[in-house]
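Undergrad: Input: one structure, supplied below.
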Amino acid sequence: MDNVRTIDIRVEPRRAGLVVTHVAGEVDIVAVPPLRDCVDEQLGAANSLVLDLTEASFFGAAGLSLLVRLSAAARQRAVPWALTGRQPVLRPLAVTGLDRSLPVYADLGEAIAAVSERADAGARVH
């Protein structure tokens with residue numbers, strides 16, 4: 001019996017340097033390394049990033065750690081980012097209080113609008 005969990009990561013480049021990274025499956029200790037590598041790559045190239053976790057069926061402590069790390073890296077690189085998800089993601093965020101410190105949005109459209117506004121504001125400052 002094979003107990004290996006799978007994760008599906010799909011990167012969707014959009015206009016103006018926005019990248020939406022769609023994640024489906026179980027975000028656990030097994031799945032985080034390839035997701036971390038993908039997110040690191042996108043942070044290095046994107047003007048803004050949305051992490052779409054709406055199709056994640058499980059979100060464990062390793063995923064929470066990844067989000068904290070992502071937030072710090074995005075802040076350091078001045079890359080606006082946001083995330084969206086459903087109950088399997090929102091519940092651990094709420095229990096840990098991370099929903100108050102991370103850019104969590106109700107749906108993908110709101111997350112995209114938020115990072116687009118922040119990216120536009122940053123472009124005007126320079």
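The values are calculated or read from the model by the stated rules, or taken from the named source; none is laboratory data. On a predicted model such as this, the values are computed, not experimentally measured, just so you know. Please note: Cβ atoms are built from the backbone with ideal geometry, for glycine as well, and neighbour counts cover all protein chains shown.
Condition check ((1) buried (at least 18 other Cβ atoms within 10 Å of the Cβ); (2) under 14 Å from the mean Cα position of the chain (by Cα); (3) at pLDDT 95 or above) across all residues:
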site	(1), (2), (3)
30	no, no, no
62	no, yes, yes
74	yes, yes, yes
96	no, no, yes
111	yes, yes, yes
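Undergrad: Name the residues in segment 1-28 that are surrounded by 13 or more Cβ atoms within 10 Å (Cβ to Cβ) and not in a strand (DSSP E or B), would you? Break it down into steps so the answer makes sense when it comes.
TA: Filtering segment 1-28 for residues surrounded by 13 or more Cβ atoms within 10 Å (Cβ to Cβ) gives 5, 7, 9, 11, 14, 17-28.
Hits for segment 1-28 are 5, 14, 17, 28.
Undergrad: Could you figure out which of (1) farther than 17 Å from residue 112 by Cα; (2) part of a helix (DSSP H, G or I); (3) touching a helix residue (DSSP H, G or I) at 6+ places or on another chain (Cβ under 7 Å) isn't true of residue 39?
TA: (1)
Undergrad: Which of the residues spanning segment 51-67 are part of a strand (DSSP E or B) and among the aliphatic types (A, V, I, L, M)? I'd like the intermediate steps shown before the answer.
TA: Taking segment 51-67 and keeping what is part of a strand (DSSP E or B), we get 51-59.
Matches in segment 51-67: 51, 53, 56.
Undergrad: Moving to a separate point now. Any residue at all in segment 42-50 that is in contact (Cβ under 8 Å) with a residue 12 or more places away in the chain, in a strand (DSSP E or B), crowded, with 16+ Cβ neighbours inside 10 Å and not hydroxyl-bearing (Ser, Thr, Tyr)?
TA: The answer is yes, given that some residue of segment 42-50 is in contact (Cβ under 8 Å) with a residue 12 or more places away in the chain, in a strand (DSSP E or B), crowded, with 16+ Cβ neighbours inside 10 Å and not hydroxyl-bearing (Ser, Thr, Tyr).
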